[in-house]
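The values are calculated or read from the model by the stated rules, or taken from the named source; none is laboratory data. Predicted model only: the values in this text are computed from it and were never measured. A quick note on method: Cβ atoms are made from the backbone with ideal geometry, for glycine too, and the neighbour counts reach across all protein chains shown. Just the protein is used for accessible areas: all its heavy atoms, side chains included, with ligands, DNA and RNA removed. Shrake-Rupley method; radii C 1.70, N 1.55, O 1.52, S 1.80 Å.
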Amino acid sequence: MSISGTPAWQALSAHAETLRQRHISELFAEDPARFKRFSLETGGLLFDYSKQRVTAETLELLAALADAAEVREWTRRMFAGEAINTSESRAALHIALRHREESLLMHASGEDVMPKVRATQAQMRRFCDAVRDAGHRGYAGDPIRAIVNIGIGGSDLGPRMATQALEAYSHPALSIHYVSNLDAADLAPRLEKLDPRTTLFIVTSKTFTTLETISNARTARDWLLAAAGDAADLAMARQFVAVTAAPAEALKFGIAPDHLFEFWDWVGGRFSLWSAVGLPLALAIGMNAFDAMLDGAHAMDKHFRDAPTLQNMPLLMALLGIWNINFLGAWNLSISPYSQSLRSFPDYLQQLDMESNGKSLRPDGSPVGARTAPVLWGGAGSNTQHAYFQMLHQGGVLIPSDFIAFAVSDFPLPGHHEKLLANCFAQSEALAFGSEHEDPLRACPGNQPSSTLLLPRLDPYRLGQLIAAYEHKICAQAAIWGINPFDQWGVELGKKLAARLLPALENPDATPACDASTTGLLGWYHRHRNAT
Ligand code: F6P
């Protein structure tokens, strides 16, 4: 049965009717202990959800929903390595990538995955040490100074976000670049500035067939080999590495076997930061710091696996999200890290959430019967206050927010951090409580729900905890909606159509059978393609 047909869902619907009329300010006035009641601390992270539009009864009903959906059983199956990615008949064992204890994690096929995980981590350590200590050199004998990751989606967003987030921990002599877009404006200006003798390319692609990545990788290879001349073979052997689950394809591309870093089909692309996909990050911060990030994620894994529902941070995040989306009708989610270093966190979460849960059918083809993933967007505070926050305050649309902030700045300059936090706390206060004014144009209605996550500092361990919390949140929501968060069939159609249309862009005489709009766009392009 679809979750929306269960008594637990019906009870929440009825409860929402009464709570929809209530204002957050009334909920606070009624309960002086509201912060204490509706906040949770685990592993040094504070999760304050007192400004959500919930009561103790809401939480009990949400916990009953989690029970009805058998989320804990789904979690057990994930940790046991069962094939919870049903459409692809695979386990989803990103948790194994940060498993830190001796006990074994078993793959569904009965294989212990940990020896492979540890072997790749050891290979990453050797390579990172060699590059960072300048033992590994380019074709002309120079130390590596620039690292360019070529990848897209899950092979880009995670390491890109984390490299920015941990800039304070980065090797001072290495610059890390991320190229993802097919638009030559991504790769070309970088190549202009880079020195082929000191640049290392990492081609990151689970499938090693993704059009954007392979096109950029070929262009980068041409650039490097042209510069290397007679030393082309050496340049390829030393300055091109690959991270992939399709090693045969990478070898065909010309990657040297000892520079092939593997991950496996049981790691979803958007959950792969913890694998060798994190190589550019590990090169930037060093393998010890990368390990600390894995430790933080593992601590969150254990919390998610073991904590009871209403003391379980990711599960609470999931349930509050479902409450907002399905019962209060809030289909957006604004993510506001008050941290310039975390400015790409919303982009990263956008893929994690919308590609995982942007689905309306259950694995058996039956409809979920309810909305699923939120429309997720955001940006770094306080910049966002001067961009879209006006709409949150007075736009008349219910939009929940997640605020994320740190007790200590990773780039301390006197006086900055207090002002930043004052703005962060002020925004959630303003959104929740609003303000009256004799001039209605200046009044803010408030009643916009938000949660605030506070962390001691943005270090590798804390970043690991934070990302893992959101991963589990999104997976727990999928389990409740009854969808598979690990496939993404929807993105395939556009890829197929682009391949069909390419000949018609290359050759004006080609006449693909397509709709009138696409035909019109192709015609316009051919009339303008040579315009200066
Ligand atoms: O956008 C579709 C997608 O398959 C993502 O799920 C994935 O992260 C991305 O493309 C890149 O895929 P690959 O790592 O195989 O190049």
Here the convex hull volume per residue of the stretch 379-532, taken over Cα atoms and given in Å³, is 272
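Which whole-number percentage describes the relative contact order of the chain, with Cα contacts under 8 Å and a sequence gap of 6 or more?
19
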Ala168 neighbourhood, Cβ < 11 Å, K/R = +1, D/E = -1, net charge -2
Taking the reciprocal of mean 1/r across every pair of different Cα atoms in the stretch 144-185, the Kirkwood radius in Å is 11.1
The whole-number value in µm²/s of the Stokes-Einstein translational diffusion coefficient for the stretch 144-218, with Rh from the Kirkwood sum over alpha carbon pairs at 25 °C and 0.890 mPa s, is 192
The answer for the net charge of residues other than Ala122 whose Cβ lies under 15 angstrom from its Cβ, with Lys and Arg +1 and Asp and Glu -1, is +1
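How large is the convex hull of the Cα atoms of the stretch 31-74 per residue, expressed in Å³ as a whole number?
84
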Restricting to lysines and to Cα separations under 25 Å from Lys51, and discarding same-chain partners fewer than 8 apart, the set is Lys36, Lys419, Lys473
CD proxy, 222 nm, the chain: helix-only mean residue ellipticity via -39,500 (n - 2.57) per DSSP H run with n ≥ 4, per residue, nearest 500, stands at -13500 deg cm²/dmol
Restricting to Cα pairs under 8 Å and 6 or more apart, the percent relative contact order of the stretch 204-251 works out to 52
Under 18 Å by backbone N from the virtual spin label 7 Å along Cα-to-Cβ at Leu501, the residues of the stretch 208-242 are 211-213
Inter-part gap, Cα centre of the stretch 1-38 to Cα centre of the stretch 492-532, in whole angstrom, is 51
Against the 2.2 N^0.38 Å rule of thumb, the C-alpha Rg of the stretch 175-263 sits at a ratio of 1.02
The Rg/Rh figure for the stretch 1-123, Cα atoms and Kirkwood Rh, to two decimals is 1.13
Inter-part gap, Cα centre of the stretch 321-357 to Cα centre of the stretch 210-238, in whole angstrom, is 37
The correct pair for the stretch 88-188, radius of gyration to one decimal and Dmax as a whole number, both in Å and from Cα atoms, is 17.2, 48
Per residue, the convex hull enclosing the Cα atoms of the stretch 413-477 spans a volume in Å³ of 118
Scaled by the rule-of-thumb 2.2 N^0.38 Å, the alpha carbon Rg for the stretch 271-320 gives a ratio of 1.41
Taking every alpha carbon pair in the stretch 121-276 and sorting the distances into 5 angstrom bins from 0 up to the bin holding the longest one, the percent per bin comes out as 2, 9, 19, 24, 24, 16, 6, 1, 0
Across all Cα atoms of the stretch 278-365, Rg and the largest Cα-Cα distance (Dmax), in Å, are 16.3, 45
Note: Val397 to Leu493 extended length (0.36 nm per residue) minus current alpha-carbon separation gives 31.3 nm
With bins of 10 Å, the percent of all Cα-Cα pairs of the stretch 349-428 per bin from 0 is 14, 34, 27, 16, 7, 1
In whole Å, largest first, the alpha carbons of the chain cover along the principal axes 78, 60, 54
Projected onto their principal axes, the Cα atoms of the stretch 470-532 stretch, largest extent first, over whole-Å spans of 51, 28, 17
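At 0.36 nm per residue, and after removing the present C-alpha to C-alpha distance, how many nm does the segment from His23 to Ala422 gain when stretched out fully?
Values: separation 399, 0.36 × 399 = 143.64 nm, distance 2.35 nm.
Length difference between fully extended and current span is 141.3 nm.
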With a 1.4 angstrom probe the carbon and sulfur portion of accessible area for the chain, in percent, totals 55
Restricted to the chain, the DSSP antiparallel beta bridge percent, nearest 5, is 25
For the stretch 311-463, the percent of all C-alpha pairs falling in each 5 Å bin, from 0 up to the bin holding the max distance, is 2, 8, 16, 20, 19, 15, 10, 6, 3, 1, 0, 0
Given 20 °C, 1.002 mPa s and a Kirkwood radius over Cα pairs, the Stokes-Einstein diffusion coefficient of the stretch 207-255 in µm²/s is 192
Total charge of the residues flanking His136 in space, meaning their Cβ is under 15 Å from its Cβ, with Lys and Arg +1 and Asp and Glu -1, is +3
